[in-house]
Amino acid sequence: MDALHRHRSLYKGTTPPWKETYRKRCVDRLKNSRSRLLERYRQMGESPQRGGSGASIIVQEVMEEEWSALQSEDRRLPSLWGPEGKAEMFSVMREYDELAVLEEIQQELMSQEMSIIEEYERNLQFEQQYISSVVEAMDEMHIICPVCHTNNLNINSHFISCVCGLYINTKKQNITPDVLRHLLESRVSEHMEDCLHNPVFSVAPNTDGSPNLMISCQVCDYLSIVL
């Protein structure tokens, strides 16, 4: 207990001189431990794992590591987290309000920790919203009309149309943007196997008078029904 009595005589009635140094080192270490904190947060699911004092394990580790580093520079500081030092040290700190200093630093670190986690959650939410918007945009991806090359096609479960006049009845055919894109690309690729000229798309009636989307080439006489 001699070290504790010497500690008592040094700091009685004053703010501990190690407070700001210790506080700053703890804050810096916590910021530098951001990756470790978030990794542990992800592993734990939703909330940081808490120690007996209510602080998260990361905050407790930061405080222990920085106190050990500070103690190695100033041997007058007693061991804080040793086998017996914790209980003894806390008894001294209660008397001279140094425990309140530690608790103040601990609360600041816990607040910093929550700020890091909240920033991570905001970024994660933004990423999820962005991914969702990209997926939604892919589901509703616009296809330029192959006939007029100007307007976007209107594609639904009943028909495909364009303001240029194109109208194809697709009821019961389950035509989606992806399906239509595949049909267009496959016909163009098929034509390009034998001819490098640009084909043209047009609408022509079939035998019952309903319109079909056609692809043709005047150079090689290629002709095929797209839809």
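Based on this model, can you work out whether Ser56 counts as surrounded by 13 or more Cβ atoms within 10 Å (Cβ to Cβ) and either acidic (Asp, Glu) or at pLDDT 65 or above (or both)?
Values: surrounded by 13 or more Cβ atoms within 10 Å (Cβ to Cβ): yes; either acidic (Asp, Glu) or at pLDDT 65 or above (or both): yes.
The answer is yes for Ser56.
Can you tell me which residue in region 108-120 is farthest from Ser56 (Cα to Cα), limited to those that are surrounded by fewer than 15 Cβ atoms within 10 Å (Cβ to Cβ) and at pLDDT 85 or above? Applying the filter and picking the extreme gives Glu118.
Taking residues in region 196-209 that are touching a residue at least 24 places away in the same chain (Cβ under 8 Å), and partners anywhere that are open to solvent by 50 Å² or more (accessible area, probe 1.4 Å), the pairs with Cβ atoms closer than 7 Å and at least 6 places apart or on different chains are Phe201/Val147; Ser202/Val147; Val203/Val147.
Against the list (1) at pLDDT 85 or above; (2) at negative phi, the condition Leu196 fails is (1). Checking each residue in region 19-33 for being open to solvent by 80 Å² or more (accessible area, probe 1.4 Å) and in contact (Cβ under 8 Å) with a residue 60 or more places away in the chain picks out only Lys31.
Against the test of being farther than 19 Å from Glu61 by Cα and either at pLDDT below 85 or surrounded by 11 or more Cβ atoms within 10 Å (Cβ to Cβ) (or both), the options Ile144, Ile105 yield a single qualifying residue, Ile144. If you go through region 156-174, how many residues are open to solvent by less than 40 Å² (accessible area, probe 1.4 Å) and either in contact (Cβ under 8 Å) with a residue 12 or more places away in the chain or under 14 Å from Val226 (Cβ atoms) (or both)? Of the residues in that region, 5 qualify.
The values are calculated or read from the model by the stated rules, or taken from the named source; none is laboratory data. These figures come from a predicted structure and were not determined experimentally. All Cβ positions, even for glycine, are placed from backbone atoms using ideal geometry, and neighbour counts span all protein chains on display. Note: accessible area is taken over every heavy atom of the protein model, side chains too, but ligands, DNA and RNA are not part of it. Shrake-Rupley method; radii C 1.70, N 1.55, O 1.52, S 1.80 Å.
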